Structures are given as structure tokens and as C-alpha cells.
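Student: The structure that follows is given in the form of C-alpha cells.
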Amino acid sequence: MDEAKRTPPVDMVRLGEIVSGFKGQRWALIPLLQRIQSEVGYIPPESVPLISRALGLFASQVQGVISFYEQLYTEPRGKNVVRVCRGTACHVRGGKTILKLVKRHLGVEEGQTTPDLEYTLETVACIGVCALAPNIVIGSQVHGHLNPRKVEQLLKRGAG
Amino acid sequence: MQTVTITLDGREVSADAGTTILNLARESGIKIPTLCHDPRLSSPGACRLCIVEEEKTGALMASCVTAITPGMVINTHSARVMEHRKTIVKLMLASHPDTCLVCDKGNRCQLRQIASDMGIGLVDFQRLPLIADIQEINPFIRRDLSKCILCARCIRACQELVVQGAVDYLGRGFSSKPATLGDAPLDRSECTFCGVCLSVCPTGSLTEVGWTGGTTGQSVPTTCPFCGCGCSISLEVKDNQVVRATPAMEGGANHGTLCVRGSFGWDFIHSPDRLTRPLVKSNGKFIETTWEQALETAAGQLARIAAEDGGARLAVLGSSKCTNEENYLLQRFARFVLGTNNVDNGGSLYSSATRVGLSSSIGFAGSTNRLDELEQAEVIIVAGCDPTSSAPSVGYAIKRAVKFRGAVLVVVDPRLTGLAPFARLWLRPRPGTDLALLNAMARMIVDEGLLDEEFVARKTDNFEAFKAALLRLNPESVEPITGIPHRDIQDGARLFAAAGQAAIVYGSGITQYPNGTDTVKALANLALLTGNVRRKGGGIYPLQRENNAQGAADMGMLPDFLPGYQDLRDVTIRRKFEERWNTPLPAVPGVTAVEMLELARQGTIKGLYVVGENPILSFPNSRQTRDSLTALDFMVVQDMFLTETAKLAHVVLPAVSFAEKDGTFTNFEGRVCPVRRSVGPAGQSLPDWQIIIRLSQKMGRPMPFSSLQQVSDEIEELVPFYQGYSGLEAPYVDEPGLKEARRTYGGPFVKGFARFSPVEYVPPPEPALDGYPFTLLTGTVLYRFGSGTRSSNARRLKKFYSEAFVEINTADAAGLGLRDGDRARIMSRAGDVTAAVRTSDALPPRAVFMPISFPEAPAANLFEVVLDRQSKSPAFKSCAVRIERMKPDG
């Protein structure tokens, strides 16, 4: 329950260093956000005032940009991102059940991260390998022809 | 600029390249509906209502963001365009709640107006109204996101007009909405509740908290009564009650912006504590009486003192809040009826140093340029003031200049002001050492040859004496005196001197020190050295505290000047007024406001007539002020409320508020702004001008006026730079009459040359620091104003910001064992007050800040009366204090 405690503390000194490299460059907001995300894994909300001061933007503006892009995260992400396909072919072949099973195994809803920061659960519209439906992607690895047993094995192995 | 011709609805029209189709259509008299467009804001093309059709390509495009190109053939109202427009409106309505009947926006709603114009009644789509999501936990702004159409006008107004940036879009797609940082409620965000977003919101998404009367049908353009900006506002009236104030687009310097005081502070007009009947004191208690009786008593007592001891025993303290006409009448009453020059106004406490300092430097006592020009400056020095709270319109203009025009801002202030985050350079002098800093900057400019030699040679005199004084300055000493690193001073000097157009804005952090007048002269010296006095985008902007401080001085509410700064010691001038008024005038200048009180305490002045001032709270040393007022034989106070001062009076005359009378205010720029009667008076209260005229009749020396127009006529006749000010039809009158006489920009200096003044920093006599280790600074806060009489009767301002506080550096607080919210006693040699502690990093060590304007904790208690030698105005910015924690139970 005490998820907050498991979130690693934000290294504000390091954040400050990254941000200072972009001082005064309004155009560089998105590259800066990407840089922070690639180093920290997400964009800590604490970084917003730093960014806005350095770039001469309003804090609400920076937040607006972050919240606009699907690719930018404001919470820590799991080491493994699990994407369950909700495309038509997967749906027909039981993708909905697979999603339910994954949720049960991980104990989180879509968009959430397990408290131990191992897994983040997401859904995708289609990953383009409909022949293997139903599919999930863990990290960059596609797993097809899924069934309840396979889901259990995959997620157990990952956790272990 | 290249001209482009297009065919618009079958007609050939031309405009400069870059003009949008929308603007060209509006110029050509074609109405295109818009919801997200606002000419003052950037265009996002969000609402798509302004779509038009290009006939040749068939393209539909948003006319607000499409520039004209040669040969375009545009249809603005073709069947296809209309069909699309209707669909857009219907889609908006399909998700809009059915609450128009109870929506406070009423017929002011632009979405409803457009639907009605297009004949859209029933929406033939499946309706999926959004669920009301209402937030109104602050006393000002109510937000209902279900009515939001995502036009972003609130967002753009917040970012581009007031440059606060409290809100922006959050999220994307269906979930996007305007939100604060972290989606926090407004009262925990950067929001200053200026209310501009309310005024631009086209729907009922942003409205005032509480029912404000829906559609009123009556809106009266007038002028905000709080600070010296003189913003134009519209008061909306329903059933003889003001229900709402909105920023007016035209006329004032505010261009459709306001601050929280202007938008929400007007409700003191209908305060239940307003005085409604004249009061006369009998056996120590006030008894309500008739006007006849009250005026009889006042006239009788004033006449008795005048007859027994002469006019010099009487004094009149007038008002930087009353209109020009009322101030004119009041000084005329003093000089003509009472026969005394003992007249002054409360604004003198703030602006005398400016009047004396600038008059001797540039021959003109006021702002040299207009606020619009400040936005064109390349470098702006803001010294000793925080316009973001004391004069918000000026704050907005400076922030816009920095943010959108690339102006360089240099802030000179010990405290972290609202502008400091926008500054390139923040110089943080020790309190009261600004003069040393400014002289050092002047010296560097001279040493490095950065001065405008041609200007100095042709337009100024006394340069050699000034330079000689500068050369006596020891540059080494400045860093230890001011606490500012040498390099920073050098940077400031170079930035200022290098700019083609550099402006100076200053306020009470300059004028309310014992060396205030000299510091004003030092600022003028800097402007003269760099040729920034007769230049567009340059200039000197002294801020005024009260709405009509400039006007009160212009009207001669001064002990040494007749109206229009005409020197009463000059026999020809005096003769002119004597002939016009048909009476001999006293030839000796009278005493200033602070001297009046001192003389009252000594028993020399026996009778005082106070109009719209509350010296107990607004003058230094409340205890002494109280003693002075109690020592008087007779005092008559004319006010809207029973102020601390009025309680000591023998007769109290109820005056109306700005919303219940006509007249004009002159703002800090020198712009004469109309004040218009919007509602009837509270009870039997009367406009100040009528009271003054009636009192003069009762005293048997009637002044020859029966209407306000006759007063204006006499002002025009006797005050050269107000010539023609009342006859103009325009809602706002700029630069009335003889522009040349008033403005230095574009006109000759009044005395022919501007004059350098050698001024030297003399360290104050070392104060015995026996137990008073802290330096108190005073200033304005956004949610209160002046002595607090009006703002503490403004229900919403008081609710939101109820408690006086003392701000103290975090480290110092820790040293004293003080935490946020603790109560502390602040003591000086003169007195003490208690206030809640607020820790902050805005202050340097050993400095504390207290706002003025809290009647329950008057900072005035703490000050001893120390006068500026030249302007005789009291030092009222800073004094030595000590601080003690109070036990929670007492």
C-alpha cells in the first residue's frame, strides 16, 4: 500500500545539472524532457519548476506539454512494460481474457506499475502480428498464441 | 508593406500582406462569428467557427489564422460554410449542459448568442451533456468545466495579458482541460484572482462565485478607485446595486485587464457599515442628525475658530481618493472660505519626494511618458517598488515587455518582488542605500564614457557640478554600503547606458526614506545622463499609491502651491487667483499634513477638516497621531465609513463612494479618467463636492457653483494643463489641454533645461541598535489597499485574505523559535503591533516585511516621525524593530 515509499528518491542535483544544460533555450523543451526521461525513467513532477525557470516558460505550460504526449511519463515505470494487444484479431481470439489474467497476475490496472517497480501494464491497439493472436509484448519481445498457462509462465518467470 | 487584393464575398478588397481573412472581413463590415478569437491575444484557431471557403480550391479554412494571399476568392457565408458552422455549434451544444436558465452568464454568453444568431434552437444530435464539475472554494472564481469549450481564452489571457501563467491545457483529447500546475485549486496555485479570465470566457465556464445578477442590461464605464493606475472598469448595475465589475477595453492604460481589487474589491460600496446619516458628537457619543444640523454645527465651530484666532489655526486634510473637482473645491474652501494655506492631501506622504525631486530635475512633477511606451523600452529599471501588488497594470506591462518584447529588466529592491523572477539583474541594496547605488552607477557611466554627450550638452545644465560631486565619490565604499557586488553595479550601469531606450519605474521604496528626494534626483540624473528623458520608450515613471494622488496635487491640495503647481509666493500668480476668486489670499505657504498634526498636538492648530483620509492608520506613529487629533478643539471628518479617525471627530459627514458620484481621477500617467455615477447614494450620504459647497454656504462664504460643470469650467480656466479636459466626449481624456506644459516627452522642458542635481549619500546617524536588531520594511499586498478602510469592508477580499502578517527570513525565524502561523509581537521605539508569522526566503537576513492596509495591525504604530528635509514627507518605509514570539494563549 505504501507505494510512495518504494518510489526511489529523485536526484534533484542531477536533474538540476541536466536542466542547466538547456538554460534559456525555449525551443528545447521536448528534447530536454526526453533527456530527463531517458536518464530518470520518467519526468518527476518536481522537475517542472526547474525546467520552467531555466527555459523561461510557465510551469503550467511545461506540465501541459508533458501531459499532451503519450510518450512522456510523470510516474516511475516498471523495468518491464507489458503491452496487451486489444486489436480486432486478438479480441476475437480472447485478448480480453488475457488482459484480465495479466491484471490478476500483476495486481495492477492498465496504466499502473507494480509497487516493486518490476512491471507496468499497458494496452495497445494492434501490434501487427495478428497471425499469432492473442499477443502481448513484454519489453520488446512479442509473445503470441497466448493461453492462461503461458501467461502464468511468462509473468512468473519475469518476476523470478 | 506589400498590398494584397482578394475577392471577399464577391467584392474586391485590399489590405497589407499578412492581414488575416478575419481582420479584413471585419474591416470590410462582414460579420464572421468567433469564440476563441480575441484581438489582444494570439490566435490558436481552436474553435473553427470562423471557417470560410476558398472558392477556387474548395478549401475550408479558419479565417482567424489564415493570411490573405493574392487572388484568393473567399466566401464567408456560402451554404457550405454555414452548414459546417452550424454543425460545429450544434456539436458544442450537444455536450453543453442544459442550464442556460440558471447560468450566471445569462445573455452575456457568446455561445448562446451565436447559436441564437444562427437560428439553432433544437440540436438534432444525440445529446451527451458533460457532467457539472464545479470548483468554487475561493471567494472569487467559480469554474464549471462542463461548460468549457476549450477555446483557451483564459489560458492565453493569463499568459499573454497578465503574464501570470497560472493555467494551461492539461491532458489531451477528451480529457484535456485548462488546469493549474498539479491541477491544484486556484487558491493553491499561482493565480492572483485578477478576474481577467472571467471577462474573456465566452461561456458560463468561468463566472463569479455567487449569483451576480445574470444579464443586467446596464453597464457604466468608470474608473477603478484603488491604486494610481486608473484602470477603466465597467460597473454593471441591477436594481440600483452594483453587481459586477469588468475590465473595460477602451480608454485606460489597462486594455481590458484588472487586478483582484478592481474585479472584486468594489463591494465595499454596499457594505452594511457605510455611514448613511450625519453624526454629531454629544457627551462623547455620536447622535444621528440631519444635514442641516450637522453642517450648522461644523460651520459654526470652524467660523468660531477662524474669528477668534484666524485662519492659520485651521487646517484641511484632503484626499488622494476624491475626484479632481472635489480636491479643487476643497483647497478653494480652505483658501477662500477659511483663509488658510494649511491644506495637504494624504498622497503627499508617498509622492512629495517625487514632486520636489523631479520638479527640480526635469521641471515636471509626474510620470514623463505613458504606460504604453514603457512596453517599448529596451531596458527597464524598477526600483523600490513591487508593481505586481501596488500597481498591477504597471506590473503586467513590465512583464509583457520582458516576456514578449525582449526587454531587459533590472530590479533594485531588497525584497524578492513579484518582478524579480523576470529580471536579468536583481540588485539587492541594504534598505535605504539606493542613493549610494545610483550614484555609483552614474559614476561608472561617466567614467566609461557611456553618457549621451549631445543630450547632456544641449538639454541640461549643472553637469559640471554634478560630475565634480561624482568624482568625490569613493567607488570602493559602495559595495560595503549597499552590500551589492561591484560587478553587479557595473553590469547594471552598462545595461542601462547601452540601451537606446531605457525607462525607470520607482515607488515608495525610494520616496519614503529620509533621503527620498535626493534619491529621486539621483534617478533623474541617471535618466538625464543617458538622454532618456525626452525619448519614446525612455522616461521616468513614479508610481502613485492612491487613485487620485496625482490629481489632488494637480488641483493644488498642497500647502505651497495653488492649482496647477502655481507658486503662491509669486505675487502675480496670487493676484490672478485673488481676482478670479474675488478675495485676498494668504501669501504665506501653509503647513504639510504631518506638520498639521504636530501643530495640533502643540495646540497651535485648533480646527481640522478631514476629507476621505484616515491619518491614524496612514500616518506614522498612530499613538502620536491620536494624541494630536484628540488635542483639537474641533474636527469634522467626511468619509464613507466610521474610520478610526472619524471616531475622534465632533461631526461626521457621510460621503458617497466613487460609484455614486461623477467627476474625474488623474492617474499616475497624468491621464484624466472619468468617474461616473452608477447607483444612488447609500442612505443620506452625499458626494464630497456637494458637501463642500453646502458647508461654504453655511459659513456665509458661498462658492459660486451650483453644478459640477461650473467647477470643471473654473479648473479649465485656472489650471493650464487641464484646459478642455471636461468638454471632450471621448470616454477617456489623455494629455488634456496644453500637452507641452505637462509632458516632457515631445515638448520642451518646463524650465528650458533639465538640471543635474549633485546628491550625496550620507549614511544615517548610526541608530543605537539597543535591542532593535531587525529592519522592518513596509509595502502593499495585492488583496488589501491603502489604509484598509475600503478593502477591509470588501467582503470577498477580506474573506480571502483576512490576517495581517509579518514576513521573516526562514533562518531568522528559526533563530527566534518562530514557525509559520505563530503570533509575534513586533516592537519599535514608537509602538508595537502583533501579527501572524510567515517565513519566507524573499527577504535578506535581518529584514522583516509587514503590509500596510490592515486596520487591526497597523504598521503605522511602529514608526516615529522622521521627515525628509526637502519634501517634509515622513520616512515611512523602514524602521528598526525587534520581534518576540507570543504565547499561544495570549
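The values are calculated or read from the model by the stated rules, or taken from the named source; none is laboratory data. A quick note: this is a predicted structure, and the numbers were derived from the prediction, not measured. Don't worry about glycine lacking a Cβ; one is built from the backbone with ideal geometry, like all the others, and counts go over all protein chains shown.
Student: Looking at (1) in contact (Cβ under 8 Å) with a residue 60 or more places away in the chain; (2) within 30 Å of residue B:828 (Cα to Cα), can you tell me which one residue B:585 breaks?
Tutor: The single condition residue B:585 does not satisfy is (2).
Student: Take the stretch B:559-575 and flag every residue that is among the charged types (D, E, K, R), closer than 14 Å to residue B:590 by Cα and buried (at least 17 other Cβ atoms within 10 Å of the Cβ).
Tutor: The first filter runs over the stretch B:559-575 and keeps only residues among the charged types (D, E, K, R), leaving B:560, B:567, B:569-570, B:574-575.
In the following step, the residues that additionally are closer than 14 Å to residue B:590 by Cα were identified as B:560, B:567, B:569.
Across the stretch B:559-575, the qualifying residue is only B:560.
Student: Can you find a residue in the stretch B:426-436 that is within 14 Å of chain A (Cβ to nearest Cβ), of a type in the set (D, E, K, R) and not in a helix (DSSP H, G or I)?
Tutor: Taking every residue of the stretch B:426-436 in turn, none turns out to be within 14 Å of chain A (Cβ to nearest Cβ), of a type in the set (D, E, K, R) and not in a helix (DSSP H, G or I).
Student: Is it true that residue B:136 is at pLDDT below 95 and more than 10 Å from every other protein chain (Cβ to nearest Cβ)? Explain how you work it out, then say what you get.
Tutor: Working: at pLDDT below 95: yes; more than 10 Å from every other protein chain (Cβ to nearest Cβ): yes.
Yes; evaluated as a whole, the condition is true for this residue.
Student: Next question, about the same structure. Working only within the stretch B:190-222, note down all residues that are within 19 Å of residue B:783 (Cβ to Cβ) and hydrophobic (A, V, I, L, M, F, W, C).
Tutor: Scanning the stretch B:190-222 gives B:191, B:193, B:194, B:196, B:197, B:198, B:209.
Student: Separate question: Please go through the stretch B:810-839 and give me each residue that is in a strand (DSSP E or B) and without any contact (Cβ under 8 Å) to a residue 60 or more places away in the chain, ordered by number. Steps first, please.
Tutor: First, the residues of the stretch B:810-839 that are in a strand (DSSP E or B): B:823-827, B:832-839.
Once the filter is applied, which keeps residues that are in a strand (DSSP E or B) and without any contact (Cβ under 8 Å) to a residue 60 or more places away in the chain, the stretch B:810-839 yields B:826, B:827, B:832, B:833, B:834, B:835, B:836, B:837, B:838, B:839.
Student: Here's something else I'd like to know. May I ask you to verify whether residue B:312 is modelled with pLDDT under 95, among the hydrophobic types (A, V, I, L, M, F, W, C) and surrounded by fewer than 16 Cβ atoms within 10 Å (Cβ to Cβ)?
Tutor: So residue B:312 fails the test.
Student: Okay, next question. Does residue B:871 meet the test of being at positive phi and buried (at least 18 other Cβ atoms within 10 Å of the Cβ)?
Tutor: Judged against the criteria, residue B:871 is not a match.
Student: Could you list, in sequence order, all residues of the stretch B:438-463 that are polar (S, T, N, Q) and surrounded by fewer than 22 Cβ atoms within 10 Å (Cβ to Cβ)?
Tutor: B:462 - this is the single residue of the stretch B:438-463 that is polar (S, T, N, Q) and surrounded by fewer than 22 Cβ atoms within 10 Å (Cβ to Cβ).
Student: A further question on this structure: Closer than 15 Å to residue B:773 by Cα, β-branched (Val, Ile, Thr) and buried (at least 21 other Cβ atoms within 10 Å of the Cβ), is that true of residue B:883?
Tutor: Yes.
Student: If you don't mind, there's one more thing I want to ask. Just checking, does the stretch B:167-177 include any residue being in contact with a strand residue (DSSP E or B) (Cβ under 9 Å, 6 or more places away or on another chain) and under 30 Å from residue B:240 (Cβ atoms)?
Tutor: No - not one qualifying residue is present in the stretch B:167-177.
Student: Out of the stretch B:212-261, which residues are free of Cβ contacts under 8 Å to residues at least 40 places away in the same chain, part of a loop (DSSP other than H, G, I, E, B) and of a type in the set (Val, Ile, Thr)?
Tutor: Passing the criteria: only B:216.
Student: Still on this model: Within the stretch B:852-872, does at least one residue satisfy the condition of being in a strand (DSSP E or B), farther than 28 Å from residue B:188 by Cα and at pLDDT below 90?
Tutor: yes
Yes/no matrix, rows are residues, columns are (1) surrounded by 13 or more Cβ atoms within 10 Å (Cβ to Cβ); (2) within 19 Å of the chain's Cα centre (by Cα):
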site: A:93; (1), (2): yes, no
site: A:98; (1), (2): yes, no
site: A:102; (1), (2): yes, yes
site: A:108; (1), (2): yes, yes
site: A:118; (1), (2): yes, yes
site: A:121; (1), (2): yes, yes
site: A:124; (1), (2): yes, yes
site: A:131; (1), (2): no, no
site: A:140; (1), (2): no, yes
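Student: Still on this model: Report, ordered by the first and then the second residue, all pairs with beta carbons closer than 9 Å, sequence separation of six or more or different chains, a first member in the stretch A:128-139 that is closer than 20 Å to residue A:80 by Cα, and a second member that is of a type in the set (Ser, Thr, Tyr).
Tutor: Every condition considered, the pairs that remain are A:134/A:97; A:138/A:119.
Student: If you don't mind, another one. Taking residue B:210, is it facing chain A (nearest Cβ under 9 Å) and either of a type outside the set (S, T, N, Q) or closer than 24 Å to residue B:92 by Cβ (or both)?
Tutor: Answer is no for this residue.
Student: Considering the stretch B:370-396 alone, what residues qualify as being in a helix (DSSP H, G or I) and under 13 Å from residue B:417 (Cβ atoms)?
Tutor: Listed by number, the residues that qualify are B:387, B:388, B:389, B:390, B:392, B:394, B:395.
Student: On to the next question. Out of all the residues in the stretch B:84-101, is one or more among the charged types (D, E, K, R) and more than 28 Å from residue B:214 (Cα to Cα)?
Tutor: The initial filter retains those residues of the stretch B:84-101 that are among the charged types (D, E, K, R), namely B:85-86, B:90, B:98.
Still in the running and more than 28 Å from residue B:214 (Cα to Cα): none.
Checking the stretch B:84-101: not a single residue is among the charged types (D, E, K, R) and more than 28 Å from residue B:214 (Cα to Cα).
Student: So, in the stretch B:697-715, exactly how many residues are charged (D, E, K, R) and more than 21 Å from residue B:292 (Cβ to Cβ)?
Tutor: Residues that pass the stated criteria total 2.
Student: Also: Could we say that residue B:409 is modelled with pLDDT of 95 or more and either more than 30 Å from residue B:162 (Cα to Cα) or within 14 Å of chain A (Cβ to nearest Cβ) (or both) here? Talk me through it step by step, then tell me what you get.
Tutor: Details: modelled with pLDDT of 95 or more: yes; either more than 30 Å from residue B:162 (Cα to Cα) or within 14 Å of chain A (Cβ to nearest Cβ) (or both): yes.
So residue B:409 passes the test.
Student: If you check every pair at least six apart or on different chains, which have Cβ atoms under 7 Å apart with a residue in the stretch B:160-182 that is facing chain A (nearest Cβ under 7 Å) and of a type in the set (Ser, Thr, Tyr) first and a residue that is crowded, with 19+ Cβ neighbours inside 10 Å and assigned to a helix (DSSP H, G or I) second?
Tutor: Within 7 Å, the pairs are B:169/A:64; B:169/B:155; B:180/A:60; B:180/B:186.
Student: Which members of the stretch B:189-207 meet the condition of being away from chain A (no Cβ under 13 Å) and not β-branched (Val, Ile, Thr)?
Tutor: B:193, B:194, B:195, B:198, B:199, B:201, B:202, B:204, B:205, B:206
Student: Here is a follow-up. Of B:777, B:782, B:797, B:816, which residue is touching a Cys at 6+ places or on another chain (Cβ under 7 Å) and surrounded by 15 or more Cβ atoms within 10 Å (Cβ to Cβ)?
Tutor: On the way: B:777 fails: touching a Cys at 6+ places or on another chain (Cβ under 7 Å); B:797 fails: touching a Cys at 6+ places or on another chain (Cβ under 7 Å); B:816 fails: touching a Cys at 6+ places or on another chain (Cβ under 7 Å).
The unique qualifying residue is B:782.
Student: So, residue A:13, is that one over 27 Å from residue A:111 (Cα atoms) and either more than 11 Å from chain B (Cβ to nearest Cβ) or surrounded by 12 or more Cβ atoms within 10 Å (Cβ to Cβ) (or both) or not?
Tutor: Criteria met by residue A:13.
Student: Got at least one residue in the stretch B:65-76 being surrounded by 13 or more Cβ atoms within 10 Å (Cβ to Cβ), within 41 Å of the chain's Cα centre (by Cα) and either at pLDDT below 95 or under 21 Å from residue B:145 (Cβ atoms) (or both)?
Tutor: No; the residues of the stretch B:65-76 include none that is surrounded by 13 or more Cβ atoms within 10 Å (Cβ to Cβ), within 41 Å of the chain's Cα centre (by Cα) and either at pLDDT below 95 or under 21 Å from residue B:145 (Cβ atoms) (or both).
Student: Is there any pair with a first residue in the stretch B:785-806 that is free of Cβ contacts under 8 Å to residues at least 40 places away in the same chain and at negative phi and a second that is crowded, with 21+ Cβ neighbours inside 10 Å and assigned to a loop (DSSP other than H, G, I, E, B) whose Cβ atoms are under 6 Å apart and which are 6 or more apart or on different chains, and what are they?
Tutor: Note: pairs meeting the criteria are B:801/B:783.
Student: For the stretch B:1-48, give me the residue count where each residue is exposed (fewer than 15 other Cβ atoms within 10 Å of the Cβ) and closer than 14 Å to residue B:74 by Cα.
Tutor: Residues of the stretch B:1-48 exposed (fewer than 15 other Cβ atoms within 10 Å of the Cβ): B:1-3, B:5, B:10-12, B:14, B:16-18, B:27-29, B:31, B:39-40, B:42.
If we keep only those that are closer than 14 Å to residue B:74 by Cα too, we end up with B:5, B:10-12, B:14, B:28, B:31.
Residues that pass the stated criteria total 7.
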